[in-house]
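One structure below.
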Amino acid sequence: MRNKYSLFSLVKNAFSYHENWEKAWKDPEPKKEYDAVIVGGGGHGLATAYYLAKKHNMKNIAVVEKGWIGGGNTGRNTTIIRSNYLWDASAGLYDHALKIWENLSQELNYNVMFSQRGVMNLAHNLQDVRDLKRRTHANRLNGIDAVYLNTEQVKKFCPIINTSPDIRYPVLGGTLQRRAGTARHDAVAWGYARGADEMGVDIIQNCEVKGIKRNGDSVEGIETTKGFIKTKKIGVVAAGHSSVIANMAGLRLPLESKPLQALVSEPVKPIIDTVVMSNAVHAYVSQSDKGELVIGAGTDDYVSYSQKGSHDVVEGTLNAILELYPIFSRMRMLRQWGGIVDICPDASPIISKTSIKGLYFNCGWGTGGFKATPGSGDLFAHTIANDEPHKLNAAFNLNRFVSGDLVDEHGAAAVAH
Amino acid sequence: MFIINCPYCGEREQSEFKAGGEAHIVRPKQPTELSDDQWAEYLFMRKNIKGIQFERWIHTHGCRKWFNVVRDTSNDVIKAVYKMGEKPPTK
């Protein structure tokens with residue numbers, strides 16, 4: 001049993017200048033064979049491995065990651081967590097995740113800094129008002145907390161917003177989910193990695209998948225930069241590179257991979273104590289615990305794996321930010337980056353079996369996967385272990401693109417794409 | 001951000017254009033005879049290539065004409081531009 005993180009362990013390690021903390025996870029070489037291999041060591045992949053070991057007693061498993069864990073979209077997102085989606089299937093999926101978030105730090109014995117500071121979604125035109133009111137009602141019918149705010153209430157909740165009727169897209173109202181908020185994204189990957197490692201999961205970094213070996217309609221293993229690994233079950237959680245892995249198995253997915261950008265400002269004193277998102281003008285902002293403004297921009301509209309987006313996308317977002325928050329006009333931006341997101345035609349994810357036995361995909365989270373990390377891992381683990389979806393992810397199968405039973409969440413996705 | 005050489009207007013910034021996705025997806029000749037699987041392939045499934053991709057673009061803030069582009073999606077370098085109806089370059 002690994003040492004528990006506690007106040008006592010913190011004091012004890014302080015006496016040795018914090019130089020003797022044990023490693024949070026090992027750095028093993030791959031074994032010849034595993035019962036299951038997870039491709040992708042981001043939050044979703046590590047959570048999948050954690051729940052496979054914890055709830056389904058699959059201990060002989062590995063996570064293979066081409067770079068370092070949490071170095072992809074897990075470390076690039078704007079850390080927003082909420083569950084105010086429109087349709088019943090999505091409400092079930094995202095609120096399942098939110099409920100796990102609420103106890104995640106305790107469960108993992110790792111502080112993921114989950115902060116339920118509320119998420120406000122603004123309306124800037126009459127259609128926004130109608131859509132957001134409809135979504136508020138739908139959320140409440142599904143047991144998800146949601147309130148609709150008028151312009152004065154928006155101003156009261158977040159005083160720095162410019163609610164003047166004279167701006168180009170005036171604030172006509174908004175919704176508020178108080179249980180929503182943010183978490184520390186790296187900590188989520190590290191906490192799940194530590195938990196999974198403790199149960200015997202091999203986390204293998206710098207190990208890129210180069211091919212998937214098939215025998216007829218089932219999988220036999222993966223070719224990697226660290227050699228062949230035999231396995232009967234492969235769970236792919238490769239985000240923007242899902243199609244690349246799918247192509248190795250001879251599959252096509254309904255995905256397009258596009259750059260999504262974010263940026264942070266210089267750190268300042270606390271100025272905004274919630275998350276404000278605005279779909280119509282495409283601006284969303286929160287403040288990190290270090291004091292930086294965390295700003296999310298939109299996706300580029302072309303397929304690209306280059307991990308850098310267009311300048312005009314950032315410019316458009318900052319124009320909207322300045323109109324809504326004139327107080328930020330002299331803030332300087334410190335860093336800007338892009339991540340590659342895999343976008344589904346209906347802006348909903350895929351957590352599904354495939355036509356190839358033993359090959360599972362968890363992808364298509366597009367611009368909003370971080371919030372679902374714990375729930376996604378839990379449900380994907382269930383799907384892999386039982387070779388059947390859980391009832392909460394049954395609607396998110398690949399077959400919906402054949403049956404036409406899509407889960408259209410373009411409105412709730414809140415990032416224009 | 002990159003520069004696209006519109007076959008009608010010349011070199012312009014990418015922000016003047018809109019991407020139209022994968023090129024050369026042929027609309028089914030007899031739609032009524034397609035199975036649901038075939039419809040799904042046509043409507044939704046994409047190669048989503050990391051590497052050389054053939055794609056469509058429209059010069060929305062210019063001549064408003066559609067054309068094709070060959071671009072390496074791993075680094076956004078454009079290899080060729082050709083008009084609608086022309087044969088894609090083979091080199």
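Taking each residue as 0.36 nm, the span from A:Ser355 to A:Asp273 lengthens on full extension beyond its C-alpha to C-alpha distance by 24.9 nm. Here's the list of aspartates and glutamates a cross-link from B:Lys18 could span, going by alpha-carbon distance under 16 Å and ignoring same-chain residues fewer than 8 apart: A:Glu256, A:Asp300, A:Asp301, A:Asp312, B:Glu55, B:Asp76. Each of B:Pro28, B:Trp57, B:Asn5 was placed along the dipole of region B:3-83 (beta-carbon charges, centred on the mean Cα), and the one lying farthest toward the positive end is B:Asn5. Summing +1 for each Lys or Arg and -1 for each Asp or Glu among the other residues whose beta-carbon sits under 12 angstrom from that of A:Trp190 gives +1. Sort region A:1-86 into rounded, prolate or oblate with this rule: let a ≥ b ≥ c be the square roots of the eigenvalues of the Cα gyration tensor; rounded if a/c is under 1.5, and if a/c is not under 1.5, prolate when a/b is larger than b/c, oblate otherwise. Here region A:1-86 falls in the oblate category. Report, in listed order, any pair from A:Lys99/A:Lys269; A:Lys99/A:Lys210; A:Lys290/B:Lys50; A:Lys66/A:Lys232; A:Lys23/A:Lys391 with a Cα-Cα distance greater than 27 Å. Correct reply: A:Lys99/A:Lys269; A:Lys99/A:Lys210; A:Lys290/B:Lys50; A:Lys23/A:Lys391. In the neighborhood of A:Ser90, defined by Cβ-to-Cβ distances under 11 Å, what is the net charge if each Lys or Arg adds +1 and each Asp or Glu adds -1? Net local charge, A:Ser90 excluded: -4.
Along the positive direction of the dipole of region A:1-95 (beta-carbon charges: Lys, Arg +1; Asp, Glu -1; about the Cα centre), which of A:Val64, A:Phe8, A:Tyr34 reaches farthest? Checking the options against the dipole of region A:1-95, the answer is A:Phe8.
Within 10 Å, count the other beta carbons around each residue, average over each peptide in A:314-320, A:213-219, A:5-11, and list them highest first. Could you put the intermediate results ahead of the total?
Details: A:314-320: 18.0, A:213-219: 13.7, A:5-11: 11.0.
With the highest mean Cβ count within 10 Å placed first, the list reads A:314-320, A:213-219, A:5-11.
Dipole magnitude for the protein assembly as shown: about 280 debye, using +1 per Lys or Arg Cβ and -1 per Asp or Glu Cβ, origin at the Cα centre.
Calculate the mean, over all residues of peptide A:246-256, of how many other protein chain Cβ atoms lie within 10 angstrom of the residue's Cβ.
Mean number of neighbouring Cβ atoms from other chains: 3.
The distance between label points at A:Asn60 and A:Arg332 comes to 5.7 nm (points 7 Å beyond Cα on the Cα→Cβ vector).
Each peptide in A:348-355, B:64-71 gets a packing score, the mean of other Cβ atoms within 10 Å over its residues, and the list from highest to lowest is A:348-355, B:64-71.
Among B:Lys47/B:Lys79; A:Lys32/A:Lys59; A:Lys32/A:Lys233; A:Lys357/B:Lys29, which pairs are too far apart, with a Cα-Cα distance over 23 Å? Present the calculation step by step, with values, prior to reporting the outcome.
Details: B:Lys47/B:Lys79 18 Å; A:Lys32/A:Lys59 15 Å; A:Lys32/A:Lys233 14 Å; A:Lys357/B:Lys29 33 Å.
Result: A:Lys357/B:Lys29 exceed 23 Å.
Within 10 Å of the Cβ of each residue in A:333-346, the mean number of Cβ atoms contributed by other protein chains is 1.
Among residues other than B:Gly62 whose Cβ falls under 12 Å from its Cβ, what is the net charge (Lys/Arg +1, Asp/Glu -1)?
On the way: positive: B:Arg12, B:Lys18, B:Arg64, B:Lys65; negative: B:Glu11, B:Glu13, B:Glu16.
With Lys, Arg at +1 and Asp, Glu at -1, the neighbours total +1.
Mind checking the mean number of beta-carbon atoms from other chains within 10 Å of the Cβ atoms in B:46-56?
On the way: counts 9, 7, 18, 6, 11, 2, 0, 3, 0, 2, 0.
Taking the mean over all residues of the peptide, I get 5.
GNM remark for chain A: springs join alpha carbons under 10 Å apart, and the peak mean-square fluctuation among A:Ile69, A:Ile203, A:Ile160 falls on A:Ile160. Could you identify which residue out of B:Lys47, B:Lys18, B:Lys79 has the top mean-square fluctuation in a GNM of chain B using Cα springs shorter than 10 Å? In the Gaussian network model the winner is B:Lys47. Computed from Cα positions, the angle between helix A:311-324 and the longest principal axis of chain A comes to roughly 40 degrees. Listed by Cβ neighbour count within 10 Å, with the fewest neighbours leading, A:Val129, B:Val77, A:Val341, A:Val407 appear as B:Val77, A:Val129, A:Val407, A:Val341. Centroid-to-centroid, using Cα positions, region A:43-117 and region B:35-91 are 35 Å apart. Residue by residue, region A:139-152 carries 3J(HN,Hα) couplings of 4, 5, 5, 8, x, 9, 5, 7, 10, 9, 10, 7, 4, 5 Hz when phi is fed to the Karplus relation 6.51 cos²θ - 1.76 cosθ + 1.60 (θ = phi - 60°); x denotes Gly or Pro. Region A:298-348 and region A:182-255 have Cα centres spaced 28 Å apart. Distant-in-sequence amide contacts of A:Val63, defined by a placed amide H-H separation under 5 Å and a gap of 5 or more residues or a different chain, comprise A:Ile38, A:Asp202, A:Ile203, A:Ile204.
Which listed residue (A:Ile144, A:Ala123, A:Ser164) has the Cα farthest towards the positive end of the charge dipole for chain A, taking +1 on Lys and Arg C-beta and -1 on Asp and Glu C-beta about the Cα centre? Positive-most Cα among the choices belongs to A:Ile144.
As a test, work out the antiparallel percent of DSSP beta bridges whose residues both lie in the protein assembly as shown, rounded to the nearest 5.
80
Each value in this text was obtained by applying a stated rule to the coordinates, not by laboratory testing. Keep in mind that this is a model prediction, so the values were computed, not measured. Cβ sites come from the backbone with ideal geometry, for glycine too, and all protein chains shown count toward neighbours.
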